[in-house]
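Taking it in order: structure first as structure tokens, then the write-up.
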Amino acid sequence: MRRDTRHRMLLRAVSVAALAAAYMLVAWRVSRPDVVPPAGHLVEAFADLVGRGYQLPSAPGEEHHHHHHSSDQVETLVRGGVTLQASLAISAARVAFGLLVGLPLGILIGFFMGWSRRADDYLHPIFVLVRSVPPLALITYVMLWLGHSEAHRLIPIVYAVATTAVIPAYHGVRDVASKYVIAARALGARGRLLYLRVLLPAAAPAVLGGLRYSLAIAWMTAVGAEMLMAENGMGNLLVGGGMWASRTQTASDPAVIIVGILALAGAGWAMDALARATTARLTRWVRA
Amino acid sequence: MTAVRIRRAAFALILLAALYGVAAWIGQGRLPDRVWMGAHYVENVQLLPTFPSLFEEAGFLLESGILPASAAVSLLRVLAGLLLGSTVGILVGLATGRASRAESLADPWVSALRFTPALALLPLFVAWFGYGEISKVLLIASGVAVVTLLGAHQGVRSVPRVYLEAAASLGARGAFAFRKIVLPLAFPAIFASLRVAIALAWVTIVVAELIDARMPSLGYLLALSGAYPRVPTMLVSIGTVGLLVLVSDLLALLLHARATRWMGRAA
């Protein structure tokens, strides 16, 4: 058994090493650091973005003038005072806000539709319509109503989280809970007792399982909204103030983008691990 | 019973439309038509366009061929991305589900890609492949591939070992057992993941087209109507996207029901 685990870890390490080696080989053969930045550039871009070791090139006569890799995008970002950790924190805060508001909203709607057949009949068709609209397609329309503010970045995230949270809560109540509810009712449970002690725990695994989907959707929507219209956050770091047609064009630097993507993957993984741990803790009774 | 449900659904939708119509009618002349757009004011904005102006706009967009052409461009991108991504994803997922060696090899990359928001890859693809079709199709494909890979993997893994052992004791093994036992049993999970992937593909393409708004497409139409801003066009485009998402989801459900009919259960 232990030999098996060690074998797997070895294979994983081989896989990571092989792809890293292949990347470096490609970077070396192509030798176009502006397209495929070698590993050294990635490390430098990372160091610059966390705010260490970068000197603004406008200071002439600098003593340690070793060949520093600096591109337009890094320069633009550093000049603007953008750091990787601050951008990540801002995006994470937007994601957290979206979850904080969107999850209760979506879960309540899902519970309501799952609990009452009548509510389901009336609300489900409307929900299907609402769910079909990609949240970020609404961003400009929201902006017209609420002006250029934080609201039009947060509303699509809340919308995305809420619409994804409805379905697990709905199925949790409708499918999972019904047999427990029938049994509890037969034993005379009703009102608050029924809701708090039977319905909520029975639906919890499904609802918490949906949490992981909501998390992924929230990150995607946050990054997309920041790419479209925001002056900060990871999405803005990735596009470096370029791309979106109405802004001035900056030559984008793959080193910054790759560092940003890796940071996002790390943050997404960490939050998912947190969600899984929370789920395991809250639904310990399921396995018991 | 179903008649009651249909009647209630129709009632809810008609009520919603009527409420919107009344709100737009009351709002006419009362809602501000001067809107602050970040840098300047814009005049003559209909925040809540009335039904006649929406229908007029939809008629114009349809008649001039702008809307069908845009929808066709976006639809083709989604289809190309879905085809490429799901082929790769399902094949790799079947392999990782079946062989633990393949799983160990693929695992680091799958988990890295899985937690990357699909849209974050767009700037990288643009830097590598330029603006245009390749980066958009690849963007959709990478998101779709991850989702379908996980679905196929889970589907293969959820096949009860007893089935395989029973088949093996009857002499079925290797490719034959895979084709006759694993594939059919993994099919529902693969299809469920494909349904998620279709929704993801639409979200991705519309935003990718919004961010890189150059060619005629639904995202471009949205970006254009946002720049002027022209709310009727905006709402008609949003409605078109929603309709396409809805129709593709229904098609996927229908296919799913059809393909799993042999299981003898409601889809």
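Structural remarks
- Output for region A:111-130, where each listed residue is facing another protein chain (nearest Cβ under 8 Å) and either small (G, A, S) or in contact with a Gly (Cβ under 9 Å, 6 or more places away or on another chain) (or both): A:L129
- Screening A:L154, A:L84 for residues that are within 16 Å of the chain's Cα centre (by Cα) and over 24 Å from B:G239 (Cα atoms) leaves exactly one candidate, A:L84.
- Of all the listed residues (B:S53, B:S74, B:S104), the sole one being assigned to a helix (DSSP H, G or I) and either exposed (fewer than 14 other Cβ atoms within 10 Å of the Cβ) or free of Cβ contacts under 8 Å to residues at least 60 places away in the same chain (or both) is B:S104.
- Taking region A:212-225 as the range and being buried (at least 22 other Cβ atoms within 10 Å of the Cβ), more than 18 Å from A:A263 (Cβ to Cβ) and more than 8 Å from the chain's Cα centre (by Cα) as the test, only A:S214 passes.
- Candidates B:V73, B:V137 - the one that is in the same structural domain as B:V196 (by TED's automatic domain parsing), out of contact with any helix residue (DSSP H, G or I) (no Cβ under 7 Å at 6 or more places or on another chain) and under 20 Å from B:A213 (Cα atoms): B:V73
- Looking at A:A169, A:A160, A:A189, A:A165, just one residue is among the small types (G, A, S) and without any contact (Cβ under 8 Å) to a residue 60 or more places away in the chain, and that residue is A:A189.
- Filter pass, A:A202 being farther than 30 Å from B:L15 by Cβ, touching a Gly at 6+ places or on another chain (Cβ under 9 Å) and of a type outside the set (V, I, T): yes
- Every residue from region B:63-108 that is among the β-branched types (V, I, T) and closer than 9 Å to B:L149 by Cα: B:V88, B:I90, B:V92, B:T96
- Scanning region B:145-192 for residues that are buried (at least 17 other Cβ atoms within 10 Å of the Cβ) and of a type in the set (S, T, N, Q) yields one hit, B:T148.
- Total residues in region A:18-43 satisfying the condition of being within 27 Å of the chain's Cα centre (by Cα) and in a helix (DSSP H, G or I): the figure is 7.
Yes/no per residue for (1) more than 14 Å from chain A (Cβ to nearest Cβ); (2) polar (S, T, N, Q); (3) touching a Ser or Thr at 6+ places or on another chain (Cβ under 7 Å):
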| residue | (1), (2), (3) |
| --- | --- |
| B:T96 | no, yes, no |
| B:A106 | no, no, yes |
| B:R114 | no, no, no |
| B:F129 | no, no, yes |
| B:V146 | no, no, no |
| B:G155 | yes, no, no |
| B:R179 | yes, no, no |
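- Counted residues, region B:201-220 - those being more than 11 Å from the chain's Cα centre (by Cα), part of a helix (DSSP H, G or I) and more than 7 Å from every other protein chain (Cβ to nearest Cβ): 5
- Scope region A:170-197; condition assigned to a helix (DSSP H, G or I), over 32 Å from the mean Cα position of the chain (by Cα) and not hydroxyl-bearing (S, T, Y); matching residues: A:K179, A:V181, A:I182, A:A183, A:A184, A:R185, A:A186, A:G191, A:R192, A:L193, A:L194, A:R197
- Checking each residue in region B:229-238 for being farther than 15 Å from B:L210 by Cβ and either more than 8 Å from chain A (Cβ to nearest Cβ) or aromatic (F, W, Y) (or both) picks out B:R230, B:P232, B:V236.
- Residue match in region B:143-163 (condition: within 24 Å of A:P134 (Cβ to Cβ) and of a type in the set (K, R)): no
- Residue within region B:258-265 that is part of a helix (DSSP H, G or I) and among the β-branched types (V, I, T) present: no
The values are calculated or read from the model by the stated rules, or taken from the named source; none is laboratory data. Since the model is a prediction, treat every value here as computed from it, not as a measurement. Glycine also receives a Cβ, built like all others from the backbone with ideal geometry; neighbour counts cover every protein chain displayed.
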